[in-house]
Amino acid sequence: MKKHLAGNMWSYALAIALAFALKRHYSTAGAEDLHWVLSPLAGLVSLATRVPFGFVEGVGYVSEASNVVIAPVCAGVNFMIVCFCMLVFAQTHRLRSPAARAGLLAASALAAYGLSLMVNTARVVLSMSMPAQGAAAGLVTPERLHRLEGICIYFLALSLLYLAAGAAMRRIGRGRGG
């Protein structure tokens, strides 16, 4: 057990280092620094809603027609970090070779980025379809409702990702005879 854990330590350490580096970058990043995630997010939201977005320096992607801003806080980078870490920490122990673990790190990063874009697109589209004040009452403010929908969407997506990753790893294991 100790030998197996020691063999996986570099994967865990690298995953933690990457997660911290991305979190550090995101914590101080402005809209210009987050083009790599905000631009495709705005494009996907625009594709889904047919609402055009334009980049506004220091703000993010803005649709003046629908009064919507896709700002750095909407980027979903924290969710991306959680997805990446969950994939690495939940699946690394299943792999025997360093090459397979390196492949898992790369695949986890790509999967986390892609899922983050899809989930945040759904979240923004859902937010755009909800009336700003109509659903609010008393303690349920539009901001709290937006946060609650985010929690529910993120939890559902993370749960489905965990199940899908486990099923994929079992399928891969059976394909190799093990």
Fill in the blank from the handout: Across region 50-68, the tally of residues that are crowded, with 18+ Cβ neighbours inside 10 Å and either closer than 30 Å to Thr92 by Cα or without any contact (Cβ under 8 Å) to a residue 12 or more places away in the chain (or both) stands at 1
Exercise for the section: Kindly establish whether Thr92 is within 20 Å of Ser129 (Cβ to Cβ) and among the hydroxyl-bearing types (Ser, Thr, Tyr). Expected result: no
Exercise for the section: Tell me the strands (runs of 3 or more DSSP E) entirely within region 37-139 that contain at least 1 residues that are small (Gly, Ala, Ser). Expected result: 54-56, 60-63
Problem - Residue in region 8-49 that is nearest to Val119 (Cα to Cα), counting only those that are open to solvent by less than 70 Å² (accessible area, probe 1.4 Å) and of a type in the set (Phe, Trp, Tyr) - result: Tyr26
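The values are calculated or read from the model by the stated rules, or taken from the named source; none is laboratory data. Here the structure is a predicted model, which is why all the values come from computation and not from measurement. Cβ sites come from the backbone with ideal geometry, for glycine too, and all protein chains shown count toward neighbours. Note: areas computed on protein heavy atoms with side chains; ligands, DNA, RNA excluded. Shrake-Rupley method; radii C 1.70, N 1.55, O 1.52, S 1.80 Å.
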